[in-house]
Amino acid sequence: MASSPKITIRNGRLIDPASGIDSHSDLHIAEGRIAAIGAAPSGFQPDRTLDASGRLVVPGLVDLSARLREPGHEHKATIASETRAAAAAGITTLCCPPDTHPVIDTPAVAQLIQQTATRNGYARVLPIGALTRGLKGETLAEMAALKRAGCPALGEAERPIRNTHVQRRALEYAASFGMPVFMHPLDPELSEGGCAHEGRISARLGLPGIPEAAETLAIARGLALAEQTGARIHFRGLSTARAVTLLAEARRRGVRASGDVSIHQLFLTEDDLAGLDANCHLLPPLRTQADREALRGAVAQGDLDAVCSDHQPHDADAKLAPFPDTDPGIAALETLLPLALRLVDEGVVGLTEMIARLTQGPAAIIDQPYGRLGIGDIADVCVLDPEARWTLTPESLVGRACNTPFIGTEMHGRVSWTLLGGRVVFERVEQD
Amino acid sequence: MSALTPQLDANGKLKHFLTLDGLDATLLHEIIDRASGFLGVSDQAVKKVPLCRGKVIANLFFETSTRTRTTFELAAKRLSADVLNLNISTSSTAKGETLLDTLRNLEAMHVDMFVVRHATSGAAHFIADHAAPHVSVVNAGDGRHSHPTQAMLDMLTIHRHKPDFGQLRVAIIGDILHSRVARSQILALHTLGVPEVRVIGPRTLIPAQAEEALGVKVYYDLREGLRDVDVVIMLRLQRERMSSALLPSEHEYFQLYGLTEERLAVAHPEAMVMHPGPINRGVEMDSQVADGERSVILEQVSNGIAVRMAVMSMCLGTQNLQHSQIAGATDGQ
């Protein structure tokens with residue numbers, strides 16, 4: 001990266017959950033890091049000053065799951081198109097799941113992804129390495145090599161390891177290098193062929209269902225193996241109240257486990273399937289209102305450490321079919337922060353807590369020094385106007401895909417500037 | 001988030017016929033009445049009315065079917081429409097693009113109506129969403145979701161024997177979970193004011209939260225469920241459900257849920273027995289019941305043609321021609 005300028009962000013409300021700061025303080029940046037908070041260091045001459053009056057200054061967001069579709073599915077999106085969207089959405093660090101093509105099971109693929117992201121310069125991309133070769137659930141991947149190549153964690157994407165013995169050994173081997181393991185808790189047999197929560201709506205519409213137990217079982221299995229092996233396990237994208245309860249209970253017992261939720265699970269429920277909108281086809285499926293309330297509560301209380309976008313951009317054809325035949329997923333990078341702020345405005349989660357789940361929380365899960373604004377920390381910063389109200393339209397999206405059910409929904413808050421390693425990588429032009 | 005495709009046009013007239021969800025009792029009675037009028041057409045020397053002359057109807061069957069396709073074809077021909085039959089086998093890789101390509105090609109041939117059968121729930125809505133504005137879509141069965149003409153022919157059949165829906169107890173027996181027929185029947189029965197709808201089957205074949213979701217009473221025991229019912233609707237059990245994780249064997253299924261004269265004895269003495277066909281004799285019911293005096297199974301088939309004529313002519317907007325021409329057609333009834 002080119003040498004970074006000295007920048008001062010003035011008059012903003014600085015919130016950094018990691019250091020407990022919440023005050024109106026100026027932020028001074030030099031050499032790509034936080035140089036000072038409050039008064040400028042003596043002799044500090046900023047190359048640029050950003051006026052953040054009426055705005056929040058928070059750490060750049062860390063998103064534990066965003067598919068960038070490169071390599072292998074460039075007809076849907078690319079690292080360039082999606083990291084640019086991330087920057088516009090205040091997200092500075094993205095983890096991409098290993099189900100690219102080829103799979104992220106060799107250092108070469110992991111490095112290719114990071115190099116492409118670095119060359120584009122919009123956001124930092126951290127590849128999640130595959131636990132097993134080809135994500136086939138049979139032979140362990142070369143995890144130590146993947147770690148050296150920059151993978152902060154390992155995972156199975158949405159292709160769970162069916163063989164419990166292999167799963168156990170994979171967890172143990174990963175634990176040898178202190179690497180956390182991402183699991184998508186969905187029992188493969190119980191969820192096979194399903195496209196909706198097994199409940200009221202699937203019964204009415206005749207949609208093949210995925211029972212709650214598919215998640216409960218996978219969580220119980222993962223927790224038992226984490227306890228047995230001492231491995232660190234992270235459950236990606238919980239969808240049920242039962243899962244939240246199981247996880248919280250295990251954590252109280254000292255099991256090294258964490259969990260996150262995709263932002264849309266905090267808004268949508270099975271009822272949103274009534275119109276058979278393919279953009280509400282998700283995996284795990286949208287569950288009940290009671291599940292949604294439990295997930296919201298867990299985010300507020302910290303039983304879930306992170307909120308993710310679970311960004312899954314699709315080409316139009318992927319959603320042009322009868323509901324069950326469509327590909328699941330939402331293009332979600334650009335709605336992550338506005339929807340999170342809506343939860344704050346609606347009194348569901350405190351502002352500091354919400355910011356923590358988008359920054360410090362996810363960074364801690366992958367042991368990375370991002371998502372915080374202490375002196376000497378890497379200057380990934382998001383400056384946003386919390387009072388902005390706008391309506392999501394296909395034209396307003398920076399990313400390539402517009403497969404989102406939130407088109408037409410009112411969004412709360414809008415990013416003014418995004419800084420990555422002390423450089424401005426996004427700046428909203430129509431600022432007033 | 002979005003609502004289902006509207007089935008009524010701006011004037012409240014039927015445009016598509018995709019599901020019974022959201023259609024009111026007045027409309028369902030209109031279908032029944034119009035179909036009743038068409039029943040006489042089959043008895044005429046010339047079994048045709050000119051209601052849809054010059055219209056082109058394409059039977060788009062992505063899932064094989066003989067009976068349903070034949071009755072749709074006959075119904076269209078009796079309305080004097082031109083009929084195209086397309087059997088399109090769907091491989092597992094065939095996706096939306098090919099489905100839409102097929103639609104576009106047919107639209108280019110100036111088709112006025114698609115009659116669609118597809119193995120995937122929601123397919124008829126998808127096609128209606130993407131069809132040209134002048135094209136009507138009639139659902140001939142989509143996945144486990146909906147089969148509204150089958151349900152309406154069953155309603156017509158019930159109505160001809162027991163006209164007061166408000167007094168009926170109806171039991172539906174068998175594989176409710178996978179049945180688009182059952183889902184549509186339940187909606188129709190509720191809309192027409194039937195106070196008690198029961199479903200009977202083993203737990204593996206009853207959908208989750210059926211009582212709340214579908215507004216039915218669930219019975220796992222056939223004898224209990226049949227007690228005092230006025231209408232018994234048997235469902236077809238697909239062969240592939242047998243000897244799987246859903247059911248151990250045909251033998252045990254018949255032992256528990258097969259309809260026999262003896263078991264029917266607990267129902268109302270004048271209870272009628274229905275089946276959408278084709279029957280698996282000795283699995284869903286024995287021949288004595290299927291061919292017995294309470295069975296209206298063959299009448300259902302005849303009624304199927306009339307109901308499909310009614311729905312197709314309504315969707316094609318030929319209401320105005322109705323009175324004189326149907327009156328003429330039904331003189332002999």
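The values are calculated or read from the model by the stated rules, or taken from the named source; none is laboratory data. Since the model is a prediction, treat every value here as computed from it, not as a measurement. Glycine also receives a Cβ, built like all others from the backbone with ideal geometry; neighbour counts cover every protein chain displayed.
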Would you call B:Arg180 touching an Asp or Glu at 6+ places or on another chain (Cβ under 7 Å) and either within 14 Å of chain A (Cβ to nearest Cβ) or closer than 13 Å to B:Leu18 by Cβ (or both)? yes
Quick one: what pairs do we get from the range B:180-203, first residue at pLDDT below 95, second not small (Gly, Ala, Ser), C-beta under 7 Å, 6+ apart or different chains? none
Are any of the residues in the range B:143-164 free of Cβ contacts under 8 Å to residues at least 24 places away in the same chain, over 19 Å from B:Ala76 (Cα atoms) and of a type in the set (D, E, K, R)? yes
For the range A:164-171, check the following and say yes or no: at least one residue is assigned to a helix (DSSP H, G or I) and either among the small types (Gly, Ala, Ser) or within 14 Å of chain B (Cβ to nearest Cβ) (or both). yes
Which ones in the range B:1-56 are in a loop (DSSP other than H, G, I, E, B), hydroxyl-bearing (Ser, Thr, Tyr) and modelled with pLDDT under 90? B:Ser2, B:Thr5
Looking only at the range B:13-49, which residues are among the basic types (Lys, Arg) and not assigned by TED's automatic domain parsing to the domain that holds B:Phe126? B:Lys13, B:Lys15
Across the range A:46-64, the tally of residues that are among the acidic types (Asp, Glu) and surrounded by 24 or more Cβ atoms within 10 Å (Cβ to Cβ) stands at 1
Could you tell me whether A:Arg221 is at pLDDT 95 or above, basic (Lys, Arg) and within 14 Å of A:Ala141 (Cα to Cα)? no
Answer yes or no: is there a residue in the range A:113-132 that is touching a residue at least 60 places away in the same chain (Cβ under 8 Å), outside any loop (DSSP other than H, G, I, E, B) and buried (at least 20 other Cβ atoms within 10 Å of the Cβ). yes
Based on this model, can you work out whether B:Ala188 counts as hydrophobic (A, V, I, L, M, F, W, C), within 20 Å of B:Asn303 (Cβ to Cβ), out of contact with any Asp or Glu (no Cβ under 6 Å at 6 or more places or on another chain) and assigned by TED's automatic domain parsing to the domain that holds B:Arg160? yes
Might you check whether a residue that is closer than 16 Å to A:Pro17 by Cβ, outside any loop (DSSP other than H, G, I, E, B), in contact with a strand residue (DSSP E or B) (Cβ under 9 Å, 6 or more places away or on another chain) and without any contact (Cβ under 8 Å) to a residue 60 or more places away in the chain occurs anywhere in the range A:362-384? yes
Only one of A:Thr83, A:Thr106 is within 24 Å of A:Asp385 (Cα to Cα), modelled with pLDDT of 95 or more, in contact with a helix residue (DSSP H, G or I) (Cβ under 8 Å, 6 or more places away or on another chain) and polar (S, T, N, Q). Can you tell me which? A:Thr83
Members of the range A:275-292 that are in a loop (DSSP other than H, G, I, E, B), more than 8 Å from chain B (Cβ to nearest Cβ) and either farther than 22 Å from A:Glu189 by Cα or among the polar types (S, T, N, Q) (or both): A:Thr288
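Conditions tested, residue by residue: (1) assigned to a helix (DSSP H, G or I); (2) within 14 Å of chain B (Cβ to nearest Cβ); (3) surrounded by fewer than 24 Cβ atoms within 10 Å (Cβ to Cβ); (4) not β-branched (Val, Ile, Thr).
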position: A:Ile201; (1), (2), (3), (4): yes, yes, yes, no
position: A:Ile219; (1), (2), (3), (4): yes, no, no, no
position: A:Leu223; (1), (2), (3), (4): yes, no, yes, yes
position: A:Ala226; (1), (2), (3), (4): yes, no, yes, yes
position: A:Gly237; (1), (2), (3), (4): no, no, no, yes
position: A:Leu246; (1), (2), (3), (4): yes, no, yes, yes
position: A:Arg251; (1), (2), (3), (4): yes, no, yes, yes
Matching residues, the range A:345-361, being more than 11 Å from A:Pro17 (Cβ to Cβ) and of a type in the set (D, E, K, R): A:Asp345, A:Glu346
When the range A:254-275 is examined, which residues are found to be closer than 21 Å to A:Val181 by Cβ and in contact (Cβ under 8 Å) with a residue 24 or more places away in the chain? A:Val255, A:Arg256, A:Ala257, A:Ser258, A:Gly259, A:Asp260, A:Val261, A:Ser262
In the set B:Leu27, B:Leu4, B:Leu8, the lone residue that is in contact (Cβ under 8 Å) with a residue 24 or more places away in the chain and of a type in the set (A, V, I, L, M, F, W, C) is B:Leu4
Quick one: which strands (runs of 3 or more DSSP E) lie wholly within the range A:37-99 and hold at least 2 residues that are more than 14 Å from A:Ser416 (Cα to Cα)? A:61-63, A:91-96
Quick check on my filter: what residues within the range B:110-129 are more than 8 Å from chain A (Cβ to nearest Cβ) and over 23 Å from B:Thr71 (Cα atoms)? B:Asp129
Here's a check for you: in the range A:181-199, which residue that is modelled with pLDDT of 95 or more and in a loop (DSSP other than H, G, I, E, B) is surrounded by the most Cβ atoms within 10 Å (Cβ to Cβ)? A:Pro185
